[in-house]
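Engineer: The structure's right below; bear with me while I get my questions together.
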Amino acid sequence: IKITLFIGFLVVIIAQNAAAQTISTSSDLRAQLEQQLERLRQQLLTLQQQQAAVKTTRSEIKETVQLTRQMRHGMNGEDIKQLQKALAEDSDVYPEKLITGFFGRATENAVRKFQKKHGINAVGEVGPQTRIRLNQILSQKQMRQLDDEAPLSSLKRKPAFPQTSPDAATSSPNSSATTTPSSDSEAIICHIPPGNPSRRHTLTIGAPALSAHLAHGDTKGPCPETTPPPPPNASDTTPPIISDLVATSTTASSSQITWYTNEPATAKVWYATTPIIPAAPTLMIGNPDLVQTHNILLSGLTSSTTYFYIVVSTDVAGNNATSTENNFSTRAQ
């Protein structure tokens, strides 16, 4: 009987120990799963932040990467480089792919090929119609660069759950599962829109997207305090002053209308083959950008014909300035 009682006592002790080990193992597994779920939530948050950053950058690219002036042989500048980059997207149009910032003969020939390919009058100068198509190409190019550089796929290279040894789930009560600690999942940057630094603002992004933002010109850390530009002066009732209005580079089918204003203003040219004042004009072309140097190309004109024109410039306050009527004659074929 004593032996039987002793054996029964041992069985009870063994059963209690087994139950304690099971409870301890279950607690370890629960803690491990909670850690894994927290890592998954952090990765999901990082992905959402990266997608939001890409959408913001895409929107700003559409607003900032734009050609805004008339361009022709002999001119130079950063916008000429952007023009050459857009032309270089098509090897048939610009096989030389020279990005020099100077509008030379190679660039002029490329512009003619581009215009001919897109159904635009091939004059070799960049006017409003050509600018619209080139700006579309520049925006598409920037979008592709953003897609290539934004490391959204970096999350795929990280395991969704931490790696553990095969027998981690059956470890002893005194041991703990080993997990890889997660790194900081967020970064604060000063986002600077390309070509428009006055619109910089502070963003919180996922850490994997930091390198792509730095490559696009953003800086790490919050933006320094800046004073926003003052709103337009509501009391401004003075229209801009138009000066040096002239028609230049006139051919059998086109002419360049140029003028200056003493303050940033938009540009419109009304033109017709009959006097505009007092008769109503029949055609209009313009540029909505607020600039002081205005260049508008009139194309598709008839040879050996006199054209009458007036220009209108409007400042930021909505004040209009209208020129006197001028005229020019296209050349014979």
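The values are calculated or read from the model by the stated rules, or taken from the named source; none is laboratory data. Given the structure is predicted, the values throughout are model-derived calculations rather than measurements. Here the Cβ is made from the backbone with ideal geometry for all residues, glycine too, and neighbour counts use every protein chain on show.
Engineer: If a residue has to be under 35 Å from the mean Cα position of the chain (by Cα), surrounded by fewer than 16 Cβ atoms within 10 Å (Cβ to Cβ) and charged (D, E, K, R) to count, how many in segment 29-47 make the cut?
Structural biologist: 2
Engineer: Restricting segment 61-78 to residues that are buried (at least 18 other Cβ atoms within 10 Å of the Cβ) and within 17 Å of the chain's Cα centre (by Cα), which is modelled with the highest pLDDT?
Structural biologist: LEU67
Engineer: Moving on to the next point. Looking only at segment 202-248, how many residues end up being modelled with pLDDT of 80 or more and more than 30 Å from VAL316 (Cα to Cα)?
Structural biologist: 5
Engineer: Let me spell it out: the conditions are (1) at pLDDT 90 or above; (2) in a loop (DSSP other than H, G, I, E, B), and ASN109 meets all of them except one. Which number is the exception?
Structural biologist: Going through the list (1) at pLDDT 90 or above; (2) in a loop (DSSP other than H, G, I, E, B), ASN109 breaks only (2).
Engineer: Checking the condition outside the structural domain of GLY127 (by TED's automatic domain parsing), touching a His at 6+ places or on another chain (Cβ under 7 Å) and either among the hydroxyl-bearing types (Ser, Thr, Tyr) or assigned to a loop (DSSP other than H, G, I, E, B) (or both), which residue from THR266, THR258, THR302 passes? Walk me through how you get there before you give the answer.
Structural biologist: Details: THR266 fails: touching a His at 6+ places or on another chain (Cβ under 7 Å); THR302 fails: touching a His at 6+ places or on another chain (Cβ under 7 Å).
Every option except THR258 fails the conditions.
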